[in-house]
Amino acid sequence: MTLLSVENLSIRFGTPDGDVHAVNDVSFDIAAGETVALVGESGSGKSQIALSILGLLAPNARTSGRIMYGGRDLLSLKRRELNKVRAKEIAMIFQDPMSSLNPYMTIERQLNESLELHEGLRGAAARKRVLEVLDAVQIPDARNRLRAYPHEFSGGMRQRIVIAMALLCNPKLILADEPTTALDVTVQAQIMRLLDDIRRDMGTAILLITHDLGVVAGSCENTLVLYSGKVMEHAPTRALFAEPQHPYTRGLLRAVPNIHDEAGALHAIPGQPPNTMRALTGCPFAPRCVDAIAACHQIVPPLEGDALRQRACIRPVEELT
Ligand SMILES: Nc1ncnc2c1ncn2[C@@H]1O[C@H](COP(=O)(O)OP(=O)(O)O)[C@@H](O)[C@H]1O
Ligand SMILES: [Mg+2]
């Protein structure tokens with residue numbers, strides 16, 4: 001069952017120097033209980049897609065397309081209606097746990113405030129729910145740590161608390177924007193495992209946003225690869241890793257750390273990041289693409305394929321290097 005459907009989403013930002021074309025005609029679905037990964041390098045539009053789902057774009061943003069959820073277009077909801085969707089239906093986890101936590105408030109108080117605001121729960125009922133979610137995110141000895149402040153926890157534990165906060169109202173979908181980027185590798189793996197447990201135990205769908213293709217391998221059913229705000233490839237994660245069909249995906253996979261060639265070299269994709277101050281006139285990756293031909297610079301490649309996987313590249317797969 002489709003939970004959320006992003007349809008032809010474009011996002012532009014008006015600036016004194018002209019429009020930033022941050023997101024270009026992006027479409028994808030998230031099924032109930034599914035994990036979808038949104039992968040792309042910094043500036044590719046990942047966060048803006050997540051923010052647009054919750055109506056949190058900056059005031060200079062203009063959107064087109066639709067984001068369907070529960071039969072309604074989230075892009076056209078009034079602020080009051082969106083507030084109801086936020087947290088209760090769709091919750092967001094940000095990269096830096098401290099951006100969601102108040103350093104001057106105990107963990108208990110922040111979780112309680114959120115519960116009271118969204119669920120009208122107080123007192124014993126609130127306390128019970130708070131302990132439930134802290135247990136769910138595996139905070140050891142949660143009962144005795146309720147009165148602690150955020151700085152008394154490690155980075156990994158703080159991110160668990162932020163995840164607990166997202167879980168408070170039992171959302172159907174969690175938008176996790178680079179939830180592990182600020183953490184070291186071991187803790188990253190623990191947080192990914194936790195998100196996976198949550199999905200399995202509570203049936204919560206997850207949109208996992210990351211610049212690191214290495215993070216999605218074991219944890220997401222489907223992956224979208226973004227470049228310059230455009231979907232380059234959309235495929236089941238396994239198939240994407242086994243047989244990447246877009247030159248950009250191939251480049252990214254070569255750049256995943258610990259995938260070295262025989263000489264032990266680490267690959268990065270050479271070239272400049274795209275210029276988002278212009279509307280697309282060709283494939284945005286063409287200037288960096290080893291497989292580009294003249295037409296790639298002149299035609300915006302449509303995203304084509306079947307229901308299972310799609311790619312936006314005019315070169316036949318068999319002819320790619
Ligand atoms: N309020 C804004 N005004 C102008 N440009 C913006 C604004 N917010 C984001 N952008 C631009 O939108 C593009 C996509 O940003 P973002 O979604 O944050 O990238 P990512 O999360 O993939 O790193 C970037 O080029 C960024 O500079
Ligand atoms: Mg971002």
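The values are calculated or read from the model by the stated rules, or taken from the named source; none is laboratory data. It should be emphasised that the depicted structure is a prediction, and the values quoted were computed from it without experimental measurement. FYI the Cβ positions are ideal-geometry reconstructions off the backbone, even for glycines, and counts take in every protein chain you see. When the accessible area is computed, the model is the full protein with side chains, heavy atoms only, and any ligands, DNA or RNA have been set aside. Shrake-Rupley method; radii C 1.70, N 1.55, O 1.52, S 1.80 Å.
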remark   = Expected unfolding gain across Val290-Met1 under the 0.36 nm per residue rule, minus the alpha-carbon gap, is 100.1 nm
inquiry  = Suppose a student asked you for the relative contact order of the range 90-170, using Cα pairs under 8 Å spaced at least 6 residues apart; what percent would you report?
reply    = 46
inquiry  = Taking the 0 to 90 degree range and rounding to the nearest ten, how far is the long axis of helix 123-136 tilted relative to the main principal axis of the chain, both from C-alpha atoms?
reply    = 40
task = Could you tell me how many degrees, from 0 to 90 and to the nearest 10, lie between the Cα long axis of helix 185-202 and the main elongation axis, the longest principal axis, of the Cα atoms of the chain?
result = 70
ask   = Per residue of the chain, what 222 nm ellipticity follows from adding -39500 (n - 2.57) for every DSSP H run with n ≥ 4, rounded to the nearest 500?
value = -8500 deg cm²/dmol
remark   = The ³J(HN,Hα) series, computed from each phi in the range 35-46 with the Karplus coefficients 6.51, -1.76 and 1.60 at θ = phi - 60°, rounded to the nearest Hz and given as x for glycine or proline, is 10, 10, 9, 10, 10, x, 6, 4, x, 7, x, 4
query = Tell me, what is the 1.4 Å probe accessible area of Asp96, in Å² to the nearest 10?
reply = 80
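Based on the Cβ-Cβ distance from Glu152 to Glu243, what FRET efficiency comes out when R0 is 51 Å, to the nearest 0.05? Display every interim value, and only then the final one.
Values: r = 47 Å, r/R0 = 0.93.
So the FRET efficiency works out to roughly 0.60.
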task = Heavy atoms only, probe 1.4 Å: what % of the accessible area of the range 90-170 goes to carbon and sulfur, would you let me know?
result = 48
Extended-chain gain in nm, criterion 0.36 nm per residue less alpha-carbon gap, Asn275 and Ala189 = 27.6 nm
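Note the per residue figure in Å³ for the convex hull of the C-alpha positions in the range 90-170.
Working: hull volume 6.8 nm³, N = 81.
So the per-residue Cα hull volume is 84 Å³.
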request  = Arrange the peptides 220-230, 37-47 so that the one whose residues have, on average, the most other Cβ atoms within 10 Å appears first.
outcome  = 220-230, 37-47
ask   = Straight-line reach from Lys84: which lysines have a Cα under 23 Å away, not including same-chain ones fewer than 8 places off?
value = Lys128, Lys172
inquiry  = Check which residues have an amide H placed less than 5 Å from Met232's amide H, if you skip close sequence neighbours.
reply    = Val225, Leu226, Tyr227
note = the chain, Gaussian network, Cα under 10 Å: of Ala235, Ala307, Ala126, the residue fluctuating most is Ala307
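Run through the DSSP bridge list for the chain and note the antiparallel percent, rounded to the nearest 5. Kindly include the intermediate steps, with their values, before the conclusion.
Working: 30 of 49 bridges.
The answer is about 60 percent antiparallel.
For the chain, what is the per residue volume of the convex hull drawn over the alpha-carbon atoms, in cubic angstrom?
On the way: hull volume 47.1 nm³, N = 321.
Value for the chain: 147 Å³ per residue.
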